[in-house]
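Shown next, in structure tokens, is the structure this report addresses.
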Amino acid sequence: MTLSIDFTNMMAGALPDGLGITETEWRGSRSAFAAAHAAVDAQRANLGFLTLPADEAALDATLAVVARTRGRFDDVLLLGIGGSALGPIALRTALRPLAWNTLDLAARDGHPRLHVLDNVDPATILTILSRLALDRTLVLVVSKSGGTVETMAQYLIVRDALARAVGEDAAREHLVFVTDPEVGALRRIARAEGIPTLDIPQNVGGRFSVLSPVGMLPAALMGIDVKALMAGAADMTARAASDDPAHNPAGAFAVLQWLADTRHGRHVQVLMPYADPLRDIALWFVQLWAESLGKTRKDGTFTGPTPLAALGATDQHSQVQLFMEGPRDKTVTFITVRGREAEGRIPSRHADIPELAYIGGHTLGALLDVERRATAGALAARGRFNANIELDAVDAWHVGALLQMFALATAYAGALYGINAFDQPGVEMGKNFAYAMLGKPGSEAARAAWDALPHPDARHRV
């Protein structure tokens, strides 16, 4: 079991026209990374995601909820947004069989389906509620603050629907809250009504919370081996003890992307798995990278590479044209899985048709890997930076390692850029304007700021 990064095609020796990260830059980055590593280590008490893989008490509490609810529910409905939703979705896609929610109970080995409401579009919410048997549905309400407006709106609608379906008292037996251990609306409701609650540690931010009960509870309910997830994450955390990026995969990823961005103008950083089960991990990564690194520095300058999700080979037929011949402002990081060369043998038919004859006898696994290698080579030939993260398998151990690697890399990248990777002040302004327009108490200053903004001008409408 291992995870490795091949960054040959990021380096100057592999790219034409003098392009690429030079060996001097790579070697010179070691001191910068050592300082970033030390900065992250100095914040360890405030970075709870670093210790989540070793938090046996939290995992035991999560598994106790699973044991109490086993066999009682056919569906799990998760209410959340951002980090509260993207991680559980990525775990379902990666570690449950394809189209999990369409499988019957036997094919799911008795485990429930998982539905994630990650927005407040009424068409989606009302449709899902109309299709669920609420008397056989467990509702997870996930919010670190316990007051996220979208999640609270979802909760009020779903709680009302539950009460109508099973009665007010019984509705409490269909709820589990995942929230801050001390404060917030969900915590107050849980205390008042005796609703089971799991803690998101106070030092774990939402987008870093996938290995907390935020991700582990829905994963365990679906039958995913959460102990193996934690073991993979623990292994990656141990590898991150080195302050030399040549021996620290998370450090290598952070340094390479930082150098590509700040020294070589590669401001767009694409994550492109060549494995359908990993496609939603790319979307999870987009939030992690964007919300953590898109910041205004204290001196008023702006920073932050732009993450982009893609999927191989699908996006060879859409985005790769841009990657290949558009602006030289991107890096592409592939994720591949070893050992699939024998899977999906392609029959030999139509030997008289050249466009088909040459494919017969190969396999889909080999075809996918050939396409990735061909794309990587073509990008390199055009001077386009690319690298490859390679996994031995798509299983709980390797997914845990991959998620923890990206979380660690994000922390290191924040230190390299000289910004706080763990806040999101830009998001807060929009939230405060929304609260003001909805009439939330204490939003008077935000309301005044909103009212001072320009109003729509009829001259500027077509």
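The values are calculated or read from the model by the stated rules, or taken from the named source; none is laboratory data. Computed from a predicted model, the values in this text were never measured in an experiment. We place every Cβ from the backbone using ideal geometry, glycine too, and count neighbours over all the protein chains shown.
One residue alone among 413, 446 is in contact (Cβ under 8 Å) with a residue 40 or more places away in the chain, surrounded by 10 or more Cβ atoms within 10 Å (Cβ to Cβ) and in contact with a helix residue (DSSP H, G or I) (Cβ under 7 Å, 6 or more places away or on another chain), and that residue is 413.
When restricted to residues that are within 26 Å of residue 327 (Cβ to Cβ), touching a residue at least 40 places away in the same chain (Cβ under 8 Å) and surrounded by fewer than 22 Cβ atoms within 10 Å (Cβ to Cβ), the stretch 21-37 contains 2. For the stretch 345-360, the condition of being modelled with pLDDT of 95 or more, closer than 30 Å to residue 22 by Cα, in the same structural domain as residue 267 (by TED's automatic domain parsing) and charged (D, E, K, R) holds for none of the residues. Considering the stretch 138-194, the residues that are farther than 18 Å from residue 66 by Cα and β-branched (Val, Ile, Thr) include one that is surrounded by the fewest Cβ atoms within 10 Å (Cβ to Cβ), namely 183. Please indicate, with yes or no, whether at least one residue in the stretch 149-156 is touching a residue at least 24 places away in the same chain (Cβ under 8 Å) and acidic (Asp, Glu). Among the residues of the stretch 149-156, at least one is touching a residue at least 24 places away in the same chain (Cβ under 8 Å) and acidic (Asp, Glu), which makes the answer yes. Among the residues of the stretch 294-340, the ones that are under 16 Å from residue 421 (Cα atoms) and of a type in the set (Gly, Ala, Ser) come to 2 in all.
Select from the stretch 85-107 the residues that are farther than 21 Å from residue 134 by Cβ and not aliphatic (A, V, I, L, M) and write down the one among them that is surrounded by the fewest Cβ atoms within 10 Å (Cβ to Cβ). It comes out as 97.
If you filter the stretch 204-222 down to residues that are of a type in the set (A, V, I, L, M, F, W, C) and assigned to a helix (DSSP H, G or I), you find that the one that is surrounded by the fewest Cβ atoms within 10 Å (Cβ to Cβ) is 220. When you scan the stretch 338-346, do you find a residue that is among the β-branched types (Val, Ile, Thr), under 30 Å from residue 99 (Cβ atoms), touching a strand residue (DSSP E or B) at 6+ places or on another chain (Cβ under 8 Å) and assigned to a loop (DSSP other than H, G, I, E, B), even just one? Yes.
Restricting the stretch 291-311 to residues that are of a type in the set (Gly, Ala, Ser) and part of a loop (DSSP other than H, G, I, E, B), which is modelled with the lowest pLDDT? Among those residues, the one meeting the criterion is 300. Is it the case that some residue within the stretch 379-388 is within 30 Å of residue 46 (Cβ to Cβ), modelled with pLDDT of 95 or more and aromatic (Phe, Trp, Tyr)? The answer is no; no qualifying residue exists. Looking at the stretch 125-137 only, could you name the residues that are surrounded by fewer than 21 Cβ atoms within 10 Å (Cβ to Cβ) and either in contact (Cβ under 8 Å) with a residue 60 or more places away in the chain or within 22 Å of the chain's Cα centre (by Cα) (or both)? The answer is 136, and nothing else. Considering 75, 104, 109, the condition of being in contact with a His (Cβ under 7 Å, 6 or more places away or on another chain) and in the same structural domain as residue 215 (by TED's automatic domain parsing) is satisfied by 75 alone.
As for the stretch 153-163, it holds no residue that is assigned to a strand (DSSP E or B) and under 23 Å from the mean Cα position of the chain (by Cα).
Only a single criterion out of (1) among the polar types (S, T, N, Q); (2) buried (at least 18 other Cβ atoms within 10 Å of the Cβ); (3) over 21 Å from residue 335 (Cβ atoms) is not satisfied by residue 262, namely (2). None of 69, 102, 127 is among the β-branched types (Val, Ile, Thr) and in contact with a helix residue (DSSP H, G or I) (Cβ under 9 Å, 6 or more places away or on another chain) except 69. Inspect the stretch 55-78 for any residue being assigned to a helix (DSSP H, G or I) and touching a Phe, Trp or Tyr at 6+ places or on another chain (Cβ under 6 Å) and give the result as yes or no. Scanning the stretch 55-78, I find no residue that is assigned to a helix (DSSP H, G or I) and touching a Phe, Trp or Tyr at 6+ places or on another chain (Cβ under 6 Å), so the answer is no.
Can you tell me which residue in the stretch 88-124 is nearest to residue 284 (Cα to Cα), limited to those that are in contact (Cβ under 8 Å) with a residue 24 or more places away in the chain and in contact with a Lys or Arg (Cβ under 7 Å, 6 or more places away or on another chain)?
Only one residue tops the list, namely 93.
Any chance the stretch 166-176 includes a residue that's in contact with a Phe, Trp or Tyr (Cβ under 9 Å, 6 or more places away or on another chain) and assigned to a helix (DSSP H, G or I)? So far as the stretch 166-176 goes, yes, one or more of its residues are in contact with a Phe, Trp or Tyr (Cβ under 9 Å, 6 or more places away or on another chain) and assigned to a helix (DSSP H, G or I).
For the stretch 179-220, a residue qualifies if it is touching a helix residue (DSSP H, G or I) at 6+ places or on another chain (Cβ under 8 Å), β-branched (Val, Ile, Thr) and without any contact (Cβ under 8 Å) to a residue 40 or more places away in the chain, and the qualifying residues are 179, 195, 197. Restricting 441, 425 to those that are farther than 26 Å from residue 304 by Cα and not assigned by TED's automatic domain parsing to the domain that holds residue 243 reduces the list to 441.
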